[in-house]
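Report on one structure; see the data block that follows.
The values are calculated or read from the model by the stated rules, or taken from the named source; none is laboratory data. Just so it is clear, the model here is predicted, and its values are computed rather than measured. Please note: Cβ atoms are built from the backbone with ideal geometry, for glycine as well, and neighbour counts cover all protein chains shown.
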Amino acid sequence: MKKIFSLLVIVIALLVSFTRREEDPVSRESLGEKLFLDPILSGDHTVSCASCHKPGFAFADTSEASAGVHGRTGLRNTPSIMNLRFSKTFFWDGRAGSLEEQALGPIANPREMNLPVDRAVARLKSNKKYRKLFQTVFHEDPTKQNLGQAIASFERTLETSDSPFDDWKVMENEQAVSEEVKKGYEIFNSKGKCSQCHFGGDFTNSDFRNVGLFNGRNLNDSGRMVITGEAETLGKFKTAGLRNIALTAPYMHNGMFRTLSEVIEFYNEPDKIVPDSKNRDSLLSKPLGLSPEEKKDLEMFLLSLTDKKFKK
């Protein structure tokens, strides 16, 4: 009988231990992920952060402008929020100076989630589950500050560095990519002039450039000038990172290009697409003169930046 009792105690202990190991420990990151996926932060409980930043598309959207509450649409294309850990400014016009500030912006935006942040905080406080989670993680009830911190902590986990390109350049595996990719990388760094704006681990200098899309007719395209008030920033938008770019179509701040080949065609001959652009960067003052083969090789290089997690 004692043996049976002892065995029973051991089995119970193992079950308890196994259950504890299986539990997902509560952290800022896991709390942020729950909030990111939950429509509780929208005015009518229909839209979450993930509604526009779709996980399967590198946390970007597949529409020119995302749909918010009550069928309203945003004014600009939804960019990916992956690989932003080292960014200093956020949104296309750089109006936010931290991920915490960025995280709260769409919640309050009337075209997106349409819920004033103070009301969002009050809603979380009245929710027994979330109040307990915030107490566990932050040792206090939900606030504007820790709401932003939680979502931003989750967003900082969305880093990728395991693409065929990384296997080639970081792991020095020459077989990881095709010869077309290697040629495309050479074009990217030379004739294509891409690396003058897209460089570093995330292929962006996080600067603001006017690539020639602003023609003066759509004030929403005036970009960075709305924030700075400086004429020289007219039509400038943040240079997007290129990791996982194959998944984040449509492209540009206005979503005007559906494919990477369209983007390359534009950069090759900007005047052909937007002949009356204003304040275009001098880097694009002349056509690049890429051949059809060079354009294809450049696209193949861009495709090689897709993280393997999206290939599963």
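So the values come out like this:
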| quantity | calculated |
| --- | --- |
| Residue in the stretch 274-293 that is touching a Ser or Thr at 6+ places or on another chain (Cβ under 8 Å) and either farther than 18 Å from residue 53 by Cα or not assigned by TED's automatic domain parsing to the domain that holds residue 86 (or both) present | no |
| Out of 247, 234, sole residue that is under 26 Å from the mean Cα position of the chain (by Cα), under 19 Å from residue 209 (Cβ atoms) and not β-branched (Val, Ile, Thr) | 234 |
| Criterion: aromatic (Phe, Trp, Tyr), within 19 Å of residue 151 (Cα to Cα) and more than 12 Å from the chain's Cα centre (by Cα) - qualifying residue of 90, 86 | 86 |
| Matching option when the condition is over 27 Å from residue 237 (Cβ atoms) and either among the hydroxyl-bearing types (Ser, Thr, Tyr) or surrounded by 17 or more Cβ atoms within 10 Å (Cβ to Cβ) (or both), among 78, 89, 136 | 136 |
| Residue 8 vs. criteria among the aliphatic types (A, V, I, L, M) and either at pLDDT 95 or above or closer than 25 Å to residue 137 by Cα (or both) | no |
| Looking only at the stretch 212-226, and only at residues there that are buried (at least 16 other Cβ atoms within 10 Å of the Cβ) and not basic (Lys, Arg), the one that is nearest to the chain's Cα centre (by Cα) | 223 |
| Residue match in the stretch 206-226 (condition: of a type in the set (S, T, N, Q), under 20 Å from residue 294 (Cα atoms), modelled with pLDDT of 95 or more and assigned to a loop (DSSP other than H, G, I, E, B)) | no |
| In the stretch 134-161, the residues that are over 13 Å from residue 121 (Cβ atoms), in a helix (DSSP H, G or I) and in contact with a Lys or Arg (Cβ under 6 Å, 6 or more places away or on another chain) | 137, 153 |
| Flag if residue 261 is among the polar types (S, T, N, Q) and in a helix (DSSP H, G or I) | yes |
| Scope the stretch 228-242; condition surrounded by fewer than 17 Cβ atoms within 10 Å (Cβ to Cβ) and farther than 22 Å from residue 274 by Cα; matching residues | 228, 229, 230 |
| Selected residue [aliphatic (A, V, I, L, M), more than 19 Å from residue 80 (Cα to Cα) and surrounded by 20 or more Cβ atoms within 10 Å (Cβ to Cβ)] from 273, 264, 245 | 264 |
| Hits in the stretch 93-116 (condition: in a loop (DSSP other than H, G, I, E, B), under 17 Å from the mean Cα position of the chain (by Cα) and not small (Gly, Ala, Ser)) | 93, 95, 112 |
| Some residue of the stretch 184-195 being closer than 30 Å to residue 120 by Cβ and buried (at least 20 other Cβ atoms within 10 Å of the Cβ) | no |
| The stretch 27-47, residues that are without any contact (Cβ under 8 Å) to a residue 24 or more places away in the chain and within 14 Å of residue 81 (Cβ to Cβ) | 37 |
| Unmet criterion (only one of (1) among the hydrophobic types (A, V, I, L, M, F, W, C); (2) surrounded by fewer than 19 Cβ atoms within 10 Å (Cβ to Cβ); (3) touching a residue at least 24 places away in the same chain (Cβ under 8 Å)) for residue 170 | (3) |
| Count of the stretch 102-127 residues which are surrounded by fewer than 16 Cβ atoms within 10 Å (Cβ to Cβ), touching a residue at least 24 places away in the same chain (Cβ under 8 Å) and touching a Lys or Arg at 6+ places or on another chain (Cβ under 9 Å) | 2 |
